[in-house]
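Enquirer: Supplied in structure tokens, the structure appears directly below.
The values are calculated or read from the model by the stated rules, or taken from the named source; none is laboratory data. None of the values given here were measured: they were computed from a predicted structure. Here the Cβ positions follow ideal geometry from the backbone for every residue, glycine too, while neighbour counts run over all protein chains shown.
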Amino acid sequence: MQALNVPVTNMTALKKSPAKVIKEAAAAKNGVYIFNRDHPAAVLMTAHDYEKLIAKLDELEDELLDLQVEQTAAKRIDHQHKAYSEEEVFGKDGLADVKIEDDDGWE
């Protein structure tokens, strides 16, 4: 595991003084790693820092979606798909022999 420059504590310390760990998280502005038997079990952070994290995540997801839409649009423009007329698709008679019933269940 990569060493991170963040405060760490264990479950025992968290149980003894949760307020102290919350103060550490507030001072660090990025949370405190909580270890259980030498393995990371959780990260404790203030509600404010969590809300900032979620807001940033939402912002980045929106930016990613915008980029994906732009890339898809650029690919479609580059391909310049041909548009076909109704006659090219259905033939000269088109859909003339199709009967449309008012009570066919679609409305």
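Enquirer: Consider only pairs whose beta carbons are under 9 Å apart and that are at least six residues apart or on different chains; among these, list those whose first residue lies in segment 53-66 and is outside the structural domain of ASN30 (by TED's automatic domain parsing) and whose second residue is small (Gly, Ala, Ser) and outside any helix (DSSP H, G or I).
Expert: LEU53/GLY31
Enquirer: Further question on the same structure: Give me the pairs: first residue in segment 82-96 and without any contact (Cβ under 8 Å) to a residue 60 or more places away in the chain, second residue in a helix (DSSP H, G or I) and of a type outside the set (A, V, I, L, M), beta-carbon distance under 8 Å, and six or more apart or on different chains, which are they?
Expert: What qualifies is GLY94/GLU86; GLY94/GLU87; LEU95/GLU86.
Enquirer: I need every pair where a residue in segment 22-37 that is among the charged types (D, E, K, R) has its Cβ under 6 Å from the Cβ of a residue that is not in a helix (DSSP H, G or I), sequence separation at least 6 or different chains.
Expert: Short answer, once both residue conditions are applied: GLU24/PRO7; GLU24/VAL32.
Enquirer: Could you go through segment 84-106 and let me know if any residue there is surrounded by 10 or more Cβ atoms within 10 Å (Cβ to Cβ) and in contact with a Ser or Thr (Cβ under 9 Å, 6 or more places away or on another chain).
Expert: Checked segment 84-106: no residue is surrounded by 10 or more Cβ atoms within 10 Å (Cβ to Cβ) and in contact with a Ser or Thr (Cβ under 9 Å, 6 or more places away or on another chain).
Enquirer: Read through the list (1) of a type in the set (D, E, K, R); (2) under 30 Å from the mean Cα position of the chain (by Cα); (3) modelled with pLDDT of 95 or more, then give the number of the only condition that LYS16 fails.
Expert: Here LYS16 clears every test but (2).
Enquirer: Out of all the residues in segment 49-101, which are within 30 Å of LYS20 (Cα to Cα) and touching a helix residue (DSSP H, G or I) at 6+ places or on another chain (Cβ under 8 Å)?
Expert: Correct list: ASP49 only.
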